[in-house]
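Q: Sharing a structure with you now.
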Amino acid sequence: MDGNDTLDGGAGKDTLVGGKGDDTYVVNQADDVITELAGEGTDTVQSQVTLTLGTNLENLTLLGTSAINATGNTGNNVLTGNTAVNTLSGGDGSDTLDGGAGNDSLVGGAGADRYRFGRGYGSDTITENDATANIKDVVEFGTGVAPADVSFKRNGNALEVRLAGSPSELLTIKDWYLGSQYKVEEFRFVDSPGTVITDAQAAGLVQAMAAFGAQALEAGDGDLSRRRQHGQFGFGLAVGIEAAV
């Protein structure tokens, strides 16, 4: 029916039809069927099981504490994980992937994708593969993360991003150094909306941080790890953004 409805089929195989409006569907079984037509609002599926979004559905949020997965459709989706280990796969479209707590895998694809990461998120991995020109994928750091808190490091072909004061937080962007299609083009901050670190600046910061760290170790700097922990090798501080451009 029309309006912003919440439909919960409960146990068993259910068919849920929301109609017009921004509807919420609660799914407990993978074989539940949701029917939405084009132009019937922005709809959200809340799922206790691994699920792929059907046609004309926009958002998918994983519930509970089980290690389940979410896959988008060809539209612009928002996929949100639970507190367990999840794989969020956006597919085509300009998607937003938010793993939340747990060590999650975030898989983009075609479109301008946005990957959310922050304190309490654990160790997440981004897999991006889009060679389309003029498409910008973004890592968005959540509240409590300042530009000076972020440090970059190369590990094999991957780019690692760490947050000062959060040793358990690690964001890995796979295959970053194998080609532009695997890169995220911008790093942005919820608390500092005017600040953008580009992929070129991040690559420059990797080199500058590595060189600065090597010099400090050669000099016997016993405070190196402490100063890294407090973000003094972060964006715009010890190495400076000028070194990255």
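Q: When Lys and Arg each count +1 and Asp and Glu each count -1, what net charge do the other residues less than 15 Å away from Gly102, Cβ to Cβ, add up to? It would help to have the intermediate numbers written out before the result.
A: Details: positive: Arg116, Arg119; negative: Asp98, Asp104, Asp124, Glu169.
That works out to -2.
Q: Tally Lys and Arg at +1 and Asp and Glu at -1 over the other residues with C-beta under 15 Å from the C-beta of Asp8: what net charge comes out? Write down the numbers at each step before the final one.
A: Numbers: positive: Lys13; negative: Asp5, Asp14, Asp23, Asp32, Asp43.
Local charge sum for Asp8: -4.
Q: Then there's this: Could you give me the percent of Cα pairs per 10 Å distance bin for the chain, shortest bin first, beginning at zero and ending with the bin that holds the maximum distance?
A: 8, 29, 30, 19, 10, 4, 1, 0
Q: Now, a different point. Angle, helix 199-218 long axis vs. longest principal axis of the chain, Cα atoms, 0 to 90°, nearest 10?
A: 40 degrees
Q: Given the DSSP H assignment, sum -39500 (n - 2.57) over each helix run of at least 4 residues in the chain and divide by its residue total; what's the result at 222 nm in deg cm²/dmol, nearest 500? Write down the numbers at each step before the final one.
A: Working: 2 runs with 26 residues, N = 245.
Only helices count here, giving -3500 deg cm²/dmol.
Q: Okay, moving on. List nothing, just return the count: lysine pairs in the chain, 8 or more apart or interchain, with Cα separation under 17 Å.
A: Details: Lys136/Lys174; Lys136/Lys183; Lys153/Lys174; Lys153/Lys183; Lys174/Lys183.
Lysine pairs meeting the criterion: 5.
Q: Charges at C-beta only: +1 for Lys and Arg, -1 for Asp and Glu. How large is the resulting dipole of the chain about its Cα centre, in Debye rounded to 20?
A: Numbers: 15 positive and 34 negative charges, 220 e Å.
That gives a dipole near 1060 debye.
Q: Dipole of the chain (Lys/Arg Cβ +1, Asp/Glu Cβ -1, origin at the Cα centre): which of Gln29, Gly156, Asn59 lies farthest to the positive side?
A: Of the options given, the answer is Gly156.
Q: Here's a follow-up. With Cβ to Cβ distances under 10 Å as the rule, what net charge do the other residues near Arg114 carry (K, R +1; D, E -1)? Could the numbers behind the result be given before it?
A: Details: positive: Arg116, Lys136, Arg188; negative: Asp95, Asp98, Asp113, Asp137, Glu140, Glu186.
It works out to a net charge of -3.
Only the coordinates and a few stated rules stand behind these numbers; no lab work does. None of these values were measured; they are calculated from a predicted model. With ideal geometry, Cβ positions are generated from the backbone for all residues, glycine too; neighbour counts draw on all protein chains shown.
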